[in-house]
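Here is the structure we will look at.
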Ligand code: SF4
């Protein structure tokens, strides 16, 4: 196999924002954490360890020039880009292209759902990647013509049917190259952790979410189990199952969890979990295999208002999930979305009080954001709350700007979001509960660190 010089680059961000760039979405860290860039981790499975270099300008606090200096004779460059930092990311792409015009450049990011973002990068790239499984190694290196370029395939979004479950195969990912000390996932119980996928993309279709626009792919249980065995041999104790909604496909997930129990892998782990996936038997298996925390979308006190965005929770699944999680002692982080069209101050305050009343272990309050490809962007453009060309640089933390809704200005929504964070976390009863759940000194350290950053960032 020919040896290559491959660079994975997470570029710098404006004002050194703690940005997390993935294929299907991007986030501004709500605290100071940045988590392991798991899409690059998947891409590492195409290459040998000696072939690739990973430069994370945010984790390593590097400026554009410092990143470019580190790149030597690249054959391939993979660059993460993001809508909320678009101008800086585009300018970085141009610099890289100017310096290395011979390199094959691949880009990925949430922005590429929009045609005009694709047009802007077109002169500088070999291909836009829609997911980390789309191309083969031969296509990356140019040995074989690229068969599908995701968005560009015969004018369709992807060569796959978006919501059909598609099986993908993945060679071993190079986990050992992705253990930077600043990578943290706020729910972990051990500082050193790594990420594993069973499924990529999401089977659900919430229209305010970009992930809904990506194909739903999954791996076979045997492949994931082999990966877990390798991770265990590395001495890693903590896993983040980076699925958008853990539990899909159920047969594969059950095989994985049962093997984790039989082989006494003893990982502690966390994952996103959609209430519709809930069953007592699955949650019991998750607990027995080491799951300590799930993150689940509750979004609003008024579940009915979510239906128009395609979010439908079956029957009593949400309350059953919350009750049973408490019973089997799995911590729950509830995700909430504030400032949706039609929400008043009273509605948002009710959602905040609801979050407190649910007695959750954590809550993540997100601002309704006109993300690329989302119905919120489409509707805001239609209603004139957003103008074409001014629709970038939004994120659910409200770092740059916040979109107004029918009743509240962007500033009011941002203030309500900050109020939600302090109202939820600054309660003596809450702190006591958190302290009683501490499992080790390492766990205590992680929790204090995350709390401090959360408070500082939301002042
Ligand atoms: S379930 Fe979550 S990840 Fe999936 S489409 Fe809905 S909001 Fe997005």
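Here, each number is a calculation from the coordinates, and none is a lab measurement. Remember, predicted model here, so these are calculated numbers, not experimental data. All Cβ positions, even for glycine, are placed from backbone atoms using ideal geometry, and neighbour counts span all protein chains on display.
Based on the inverse mean of 1/r over its pairs of different Cα atoms, what is the Kirkwood hydrodynamic radius of the chain, in Å?
Numbers: mean 1/r = 0.0440 Å⁻¹.
Answer for the chain: a Kirkwood hydrodynamic radius of 22.7 Å.
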Cα centroid distance between the range 1-54 and the range 238-285, in Å? 25
Please give the contour-minus-distance gain from residue 147 to residue 281: 0.36 nm per residue of separation, less the Cα-Cα distance, rounded to one decimal in nm. 44.0 nm
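Using the Kirkwood radius built from alpha carbon pairs, what does the Stokes-Einstein equation give as D for the range 1-150 at 25 °C and 0.890 mPa s, in µm² per second?
On the way: Rh = 15.4 Å.
Diffusion coefficient, whole number: 159 µm²/s.
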Using all Cα-Cα distances in the range 81-121, what percent lands in each 5 angstrom bin from 0 up to the longest? 5, 23, 34, 22, 12, 2
Applying a 10 Å radius around every beta-carbon, put 320-327, 417-424, 185-192 in order of their mean neighbour count, most first. 185-192, 417-424, 320-327
Convex hull volume per residue for the range 185-457, taking Cα atoms only, in Å³: 133
Need the full-extension length gain, residue 91 to residue 234, defined as separation in residues times 0.36 nm minus the C-alpha distance. One decimal, nm. 47.6 nm
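Of the peptides 4-10, 208-214, 376-382, how do they stack up when ordered by the mean number of other Cβ atoms within 10 Å, highest first?
On the way: 4-10: 22.1, 208-214: 23.9, 376-382: 17.4.
Output ranking for 4-10, 208-214, 376-382: 208-214, 4-10, 376-382.
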Taking a ≥ b ≥ c as the square roots of the eigenvalues of the Cα gyration tensor, with a/c under 1.5 meaning rounded and otherwise prolate when a/b exceeds b/c and oblate if not, the range 35-77 is oblate
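Using a 10 Å cut-off on Cβ atoms, rank the peptides 138-144, 251-257 from the highest mean neighbour count down.
251-257, 138-144
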